[in-house]
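The values are calculated or read from the model by the stated rules, or taken from the named source; none is laboratory data. Treat the numbers as computed from the prediction; the structure is a model and nothing was measured. Note: ideal-geometry Cβ built from the backbone for every residue, glycine included; neighbour counts use all protein chains shown. Note: areas computed on protein heavy atoms with side chains; ligands, DNA, RNA excluded. Shrake-Rupley method; radii C 1.70, N 1.55, O 1.52, S 1.80 Å.
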Amino acid sequence: GHHWGYGKEDGPSAWHKNYPVAQGNRQSPIDIIPEEATRDRDLGPIFLDYDRCTSINIANNGHSVVVEFVDSDDRSVIRGGPLDNPYRLKQFHFHWGGKGHDGSEHTVGGIGYASELHLVHWNAVKYRSFGDAAEAPDGLAVLGIFLETGDDHRWLHMITDALFMVKYKGSDTDFKGFNPKCLLPSSLHYWTYLGSLTTPPLHESVTWILLKEPIIVSDKQLGMFRMLLFNGEDEDERKRMENNFRPPQPLKGREVRSSN
Ligand SMILES: CCN[C@H]1CN(CCOCC)S(=O)(=O)c2sc(S(N)(=O)=O)cc21
Ligand SMILES: [Zn+2]
C-alpha cells in the first residue's frame, strides 16, 4: 500500500493525497467539548467482559506498539453503551508525544493529554471478518483511555518491560497472559460519537467510546515508549517513535453524547 507516517512530508496533513476520506464527514480524532455533549438517558453503561481474554504478542508495526488478542470467539468483548452488539477485542495500542509534549489524539476542551490508549474491537455478529468490519460504518468500536503523567502506573511496567524486544519496525515477541483490565481507570463514564480510524486507511467505521477519567503513568514509563523506532533494523536512518498522533479533525455537525 501507500507509505504514510507522522513526519513533515508523509504526516497527517499529507494523508488526504492517498486517502481522500481524510477530508470526510466523520473523521477522528476530535476535540471533545464537555459542556456541548448531550446527556442521553438512553445511553447505558458499557461492560468490558475481558476476564477470558487471551493476549498473543506485542509488536512494533512502524506506527505504534500493538498488543494482539485471540479474536476467533467471544471470549473478550465490549458491550452495552451505544453498541447494539458485543464487539470482540482485537488489539490495543498507544499514541504519544515527544519529551515534555502531549501526544493524545482526542483533546478535551482544547487540552491534550500525554498519551492515549486505544482498545480496538470489531462487530463479529454482523461481519464475517475483521477486515470487513473495519470498512463498515458500524464495524469497529474503539475504547479510548487518556494517559496523564504523575506517579508510576503499577501495571504499565508489564508493557514497558517488553518494549526493548520490539525496538524496530516489524519486530514482535510473545506477550501472553496480559489482561488490559489493569489499564482501566476507576470510572467507566464516557463520551461517545461516530468517527473513523485515526490512521490510514482512515475508514469511517468506528464508534468511539472515550473514558472521561484518565489513568496516571509516570514520565519515566512514558519515556520508555520513546525508545521505540519508526524504522526497521535494516534501515540506516534511526527515527525515534514519538508524536505518532493525528490532530483533531472537523466535527462536521456530529453529536457527542455523554453517559450518565
Ligand atoms: C497502523 C494501522 N492502524 C490501523 C490498523 N487497523 C485498521 C486497518 O485494518 C484493515 C484490515 S486497526 O483497525 O487495527 C486500527 S484502529 C486504529 S485507531 N488509532 O483509530 O484506534 C488504527 C488502526
Ligand atoms: Zn489508535
D for the stretch 69-127, whole µm²/s, Stokes-Einstein with Kirkwood Rh over alpha-carbon pairs at 25 °C and 0.890 mPa s: what number? 185 µm²/s
Sequence gap of 8 or more, or different chains, plus Cα separation below 19 Å: how many lysine pairs satisfy both in the chain? 14
With every protein chain present, what accessible area does residue 182 have (1.4 Å probe, heavy atoms only), rounded to the nearest 10 Å²? 40 Å²
Calculated diffusion of the stretch 109-260, Stokes-Einstein form, Kirkwood radius summed over Cα pairs, 20 °C and 1.002 mPa s, µm²/s: 123 µm²/s
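Roughly what % of DSSP beta bridges within the chain run antiparallel, to the nearest 5?
80 percent
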Order of exposure, largest accessible area first, which applies to 72, 28, 171 with probe 1.4 Å: 72, 171, 28
Mean shadow of the chain, computed from the convex hull of its alpha carbons, in nm²? 13.2 nm²
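I need to check one value: relative contact order of the stretch 109-260, counting alpha carbon pairs closer than 8 Å and at least 6 residues apart, in percent.
27 percent
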If ligands, DNA and RNA are left out, what is the accessible area of residue 73 with a 1.4 Å probe, given in Å² to the nearest 10? 60 Å²
Accessible-area order (highest first, 1.4 angstrom probe) of the listed residues 78, 216: 216, 78
Structure-based [θ]222 nm, the chain - -39500 (n - 2.57) summed over DSSP H runs of at least 4, per residue, nearest 500: -1500 deg cm²/dmol
Using 1/(1 + (r/R0)^6) with R0 = 41 angstrom and r between the beta carbons of residue 72 and residue 220, what's the FRET efficiency to the nearest 0.05? 0.65
